[in-house]
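K.L.:
Got a structure for you, written out below as structure tokens; questions coming shortly.
The values are calculated or read from the model by the stated rules, or taken from the named source; none is laboratory data. Here the structure is a predicted model, which is why all the values come from computation and not from measurement. When we count neighbours, we look across all protein chains shown, and the Cβ atoms used for this are built from the backbone with ideal geometry, even at glycine. The accessibility values were calculated without ligands, DNA or RNA, using every heavy atom of the protein model including side chains. Shrake-Rupley method; radii C 1.70, N 1.55, O 1.52, S 1.80 Å.
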Amino acid sequence: MPRDPRFDILFEPVKLGPVTAPNRFYQVPHCTGMGYQLPATLNAMRGIKAEGGWGVVNTECCSIHPSSDDIPAPFASLWDEGDVRNMAATADAVHVHGALAGVELWHGGLRSSNLQSRETAIGPDSLPVASDPWQCARMDLDDIREVRRWHLAAAKRAKQAGMDIVYVYTAHTYLLAQFLDADINQRADEYGGSMVNRSRLLREILADTREAVGDRCAVAVRIEIDNEEGAGEDERSALLASLAPMVDLFNVTISDYTQEMGVSRFVKEASLEQRIAHVRKVTEKPVVSVGRFTSPETMLSQVKRGIVDLIGAARPSIADPFLPAKIRDGHEDDIRECIGCNICYACDGRGVAIRCTQNPTMGEEWRRGWHPERIAVAKNREKVLVVGAGPAGLEAALALGKRGLEVTLAEASRELGGRLLWETRLPGLAEWARVRDWRVHQLSKLSNVDIFRESPMSAEDIAELGLSHVAVATGSHWRKDGRGRSIRSAIASYDDTRTFSPEEVIGGAPLSGDAVVFDDEHYYMGSVLAEHLARNGLSVTYVTSEGKVSAWSEYTAEQGRAHARLLELGVNVTVNATVSALRPGVAVIRCAYSGREHEVACGAFVPVTSREPDDSLWQALKGMPLSTLVRLGDAKAPGIIAQAVYDGHKFAQEFGEEHVAVKRERPLVS
């Protein structure tokens, strides 16, 4: 299908100093959970991005010295010749598809605890490091000269490795941003005080970098347009203008990372536009910025109105590495849009390779040989029954169908989507419906997949069909008896007419009076239900066994906003506590540490503790002579949507294969 000519501008080349990006699609530096420890995994993933049409593909933050060590969060490095060899492999994987390769040189300063290297952390002043009970050393002039030397050496290694763009990283409260920050940098020497002084190290490193690599590599700076308080834009604009002669590309953002990296529950597409729109005029240099761009129309508008020169993307390039190619080839309807859940980011924070709710192949390109757009045709064209059209069932049916198998997808309800049908009705979660919508649309293109709605299946029904391969993806439901992390046995008093499950709440159950939500799961569900109830006029008490609202969502960069939202809505928040019992008219709140109890009014109670797998069909089928019988997704092990999608995809990839090769990347003793 020919490309819509309106989008031609997105495929124009953009000159960046001595190099030229082949189009305007720019994968900004983003964390991967892979880093220097998994170079083959990393290179395969970056190569897929370039194959998918991203004109520029950058590394994650790349340490210039062992004193910039973020373990357990993985990172790239350019410390020595071994790193050069691995970085060259990244450049090769990108270059083979005609894209430019960029590297984001990084020093963490006081944000790096250096747990692995055990180097002393350094910073403009001696202040606590980010997450541990010690401080960094105050840098003297010799230390500053050393940082310049480290950065220069890393820039030369980047050039040696064949990188086309070299970053000077001055954002996200890392070392150079710490020098710019007047609160952190209270030095009395030539590197503190005025903005001219606070930016001195940045200018020196830019000059060093330009002199060393500027003949062949573009010099980029990643920098915020405001200070750490979210103000000071005039001062920053003057700084950006003064830096422009030394910079080939400005990668700009804001200091509020929960907006830049915001989840779709709180932040929508192109949210940075009003904040960064002035930078092109101020600098008269090419500008790239992010905005979780998934709509080609939004991308087109950003460029045509002069907001940016290049469409920056991290998460959209993870959800669909072939997003540019699909626009190029006129297949916009096939774009696998990011849902803004930030599971990718969470995995890096957990120290493992990133994964994606929408794209189950992310992070498996090398280990399992998976590709986001291609899947091996099955050797034998078997018939497979998938029961349940939630995230796992939809993905299994789609991937099996793409492999050429004859698939029957049976869904008990009228609508497809499983848990997504009600979860996407919760405040802010509408974009999560993309998980369902994309798969339903792709299934509509497959003539070998038959979908039967309003078709609950029993073991007898399946026996009558005579199919020998069955995947049960019947989901799960929230328990109402209190069993979960903190409470292992059912609480008898929870068996009360005031107790409602999350599904019942969204299904319209008649809650009244004072509502109590008990969150023992710690992700989004408890807080978003409390928000829903508060918005519907109930007085709400939110109780969690953790020390903050939706504690696990710190990994997805939304915890602070979730906590603030409940406070804004007048929700009473009680932390480090459980609901130990229900009594007439009240819930009993027990402190997790002292065991002391108090009562709060309770006319409706919603426990968010754990889920029960709906696996009764699987149990009933176990005695039947089936060639294949598997549980998928939540019917096997209730979890996040990303796990369900992955489980469905993995089943489809491995179905009918005698040998499944899974590579393991690790250092080997020579």
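K.L.:
Residue pairs, Cβ under 8 Å, 6 or more apart or interchain, first in the stretch 90-101 and assigned to a helix (DSSP H, G or I), second basic (Lys, Arg). List them.
P.N.:
90/46; 93/46; 94/46; 94/49
A quick yes/no check of all residues on (1) of a type in the set (A, V, I, L, M); (2) at pLDDT below 95; (3) under 25 Å from the mean Cα position of the chain (by Cα):
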{"position": "498", "(1), (2), (3)": "no, no, no"}
{"position": "521", "(1), (2), (3)": "no, no, yes"}
{"position": "531", "(1), (2), (3)": "no, no, yes"}
{"position": "541", "(1), (2), (3)": "no, no, no"}
{"position": "561", "(1), (2), (3)": "no, no, yes"}
{"position": "569", "(1), (2), (3)": "yes, no, no"}
{"position": "588", "(1), (2), (3)": "yes, no, no"}
{"position": "593", "(1), (2), (3)": "no, no, no"}
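K.L.:
Note down all Cβ pairs under 7 Å where the first residue falls in the stretch 419-445 and is modelled with pLDDT of 95 or more, the second is open to solvent by 50 Å² or more (accessible area, probe 1.4 Å) and aliphatic (A, V, I, L, M), and they're at least six residues apart or on different chains.
P.N.:
These pairs meet every condition: 424/430; 443/451.
K.L.:
Being farther than 28 Å from residue 409 by Cα, without any contact (Cβ under 8 Å) to a residue 60 or more places away in the chain and touching an Asp or Glu at 6+ places or on another chain (Cβ under 6 Å), is that true of even one residue in the stretch 602-613?
P.N.:
No, the conditions are met nowhere in the stretch 602-613.
K.L.:
Looking at the stretch 504-543, which of the residues that are β-branched (Val, Ile, Thr) and part of a strand (DSSP E or B) is surrounded by the fewest Cβ atoms within 10 Å (Cβ to Cβ)?
P.N.:
Quick first cut of the stretch 504-543, residues β-branched (Val, Ile, Thr) only: 505-506, 516-517, 528, 540-541, 543.
Next, from what is left, pick out any that are part of a strand (DSSP E or B): 516-517, 540-541, 543.
On the way: 516: 29, 517: 29, 540: 25, 541: 22, 543: 25.
Top of the filtered list is 541.
K.L.:
Do we find a residue being of a type outside the set (S, T, N, Q) and surrounded by fewer than 18 Cβ atoms within 10 Å (Cβ to Cβ) anywhere in the stretch 100-112?
P.N.:
Of the residues in the stretch 100-112, the ones of a type outside the set (S, T, N, Q) are 100-111.
Now narrow it down to the ones that are surrounded by fewer than 18 Cβ atoms within 10 Å (Cβ to Cβ): none.
No, there is no match, as no residue in the stretch 100-112 is of a type outside the set (S, T, N, Q) and surrounded by fewer than 18 Cβ atoms within 10 Å (Cβ to Cβ).
K.L.:
Return the residues of the stretch 11-43 that are assigned to a helix (DSSP H, G or I), among the aliphatic types (A, V, I, L, M) and surrounded by fewer than 23 Cβ atoms within 10 Å (Cβ to Cβ); say none if nothing qualifies.
P.N.:
The one that is assigned to a helix (DSSP H, G or I), among the aliphatic types (A, V, I, L, M) and surrounded by fewer than 23 Cβ atoms within 10 Å (Cβ to Cβ): 40.
K.L.:
Can you find even one residue in the stretch 633-648 that is aromatic (Phe, Trp, Tyr), within 24 Å of the chain's Cα centre (by Cα) and surrounded by 22 or more Cβ atoms within 10 Å (Cβ to Cβ)?
P.N.:
yes
K.L.:
Can you tell me which residue among 269, 260 is out of contact with any helix residue (DSSP H, G or I) (no Cβ under 8 Å at 6 or more places or on another chain), charged (D, E, K, R) and under 29 Å from residue 532 (Cα atoms)?
P.N.:
260 is the lone residue from the list that is out of contact with any helix residue (DSSP H, G or I) (no Cβ under 8 Å at 6 or more places or on another chain), charged (D, E, K, R) and under 29 Å from residue 532 (Cα atoms).
K.L.:
If we scan the stretch 54-65, do we find a residue that is assigned to a helix (DSSP H, G or I), under 17 Å from residue 220 (Cβ atoms) and touching a residue at least 24 places away in the same chain (Cβ under 8 Å)?
P.N.:
Among the residues of the stretch 54-65, not one is assigned to a helix (DSSP H, G or I), under 17 Å from residue 220 (Cβ atoms) and touching a residue at least 24 places away in the same chain (Cβ under 8 Å), which makes the answer no.
K.L.:
Still on this structure: Does residue 308 count as in a loop (DSSP other than H, G, I, E, B), open to solvent by 20 Å² or more (accessible area, probe 1.4 Å) and either touching a residue at least 12 places away in the same chain (Cβ under 8 Å) or closer than 18 Å to residue 556 by Cα (or both)?
P.N.:
In short, no.
K.L.:
Restricting to the stretch 366-385, and then to whatever is among the small types (Gly, Ala, Ser) and open to solvent by 40 Å² or more (accessible area, probe 1.4 Å), can you tell me which residue is nearest to residue 53 (Cα to Cα)? Please lay out each step first, then the result.
P.N.:
Just the residues of the stretch 366-385 that are among the small types (Gly, Ala, Ser), to begin with: 369, 376, 378.
Imposing the further condition that a residue be open to solvent by 40 Å² or more (accessible area, probe 1.4 Å) reduces the set to 369, 376.
Values: 369: 20, 376: 22 Å.
Top of the filtered list is 369.
K.L.:
Of all residues being of a type in the set (Asp, Glu) and over 20 Å from the mean Cα position of the chain (by Cα) in the stretch 51-72, which is farthest from residue 316 (Cα to Cα)? Just the residue, please.
P.N.:
Applying the filter and picking the extreme gives 69.
K.L.:
Would you confirm whether any residue within the stretch 581-596 is buried (at least 16 other Cβ atoms within 10 Å of the Cβ), touching a residue at least 24 places away in the same chain (Cβ under 8 Å) and in contact with a helix residue (DSSP H, G or I) (Cβ under 9 Å, 6 or more places away or on another chain)? Show your work before the answer.
P.N.:
Start the filter on the stretch 581-596 by keeping residues that are buried (at least 16 other Cβ atoms within 10 Å of the Cβ), which leaves 581-582, 586-590.
Pick out the ones that are also touching a residue at least 24 places away in the same chain (Cβ under 8 Å) and you get 581-582, 587, 589.
Filter again for in contact with a helix residue (DSSP H, G or I) (Cβ under 9 Å, 6 or more places away or on another chain), leaving 581-582.
For the stretch 581-596, residues buried (at least 16 other Cβ atoms within 10 Å of the Cβ), touching a residue at least 24 places away in the same chain (Cβ under 8 Å) and in contact with a helix residue (DSSP H, G or I) (Cβ under 9 Å, 6 or more places away or on another chain): present.
K.L.:
How many residues are open to solvent by 60 Å² or more (accessible area, probe 1.4 Å), more than 30 Å from the chain's Cα centre (by Cα) and under 16 Å from residue 174 (Cβ atoms) if we restrict to the stretch 128-157?
P.N.:
1
K.L.:
In addition: If only one of 71, 48 is under 23 Å from residue 666 (Cβ atoms) and not in a loop (DSSP other than H, G, I, E, B), which one is it?
P.N.:
After ruling out the rest, the residue left standing is 48.
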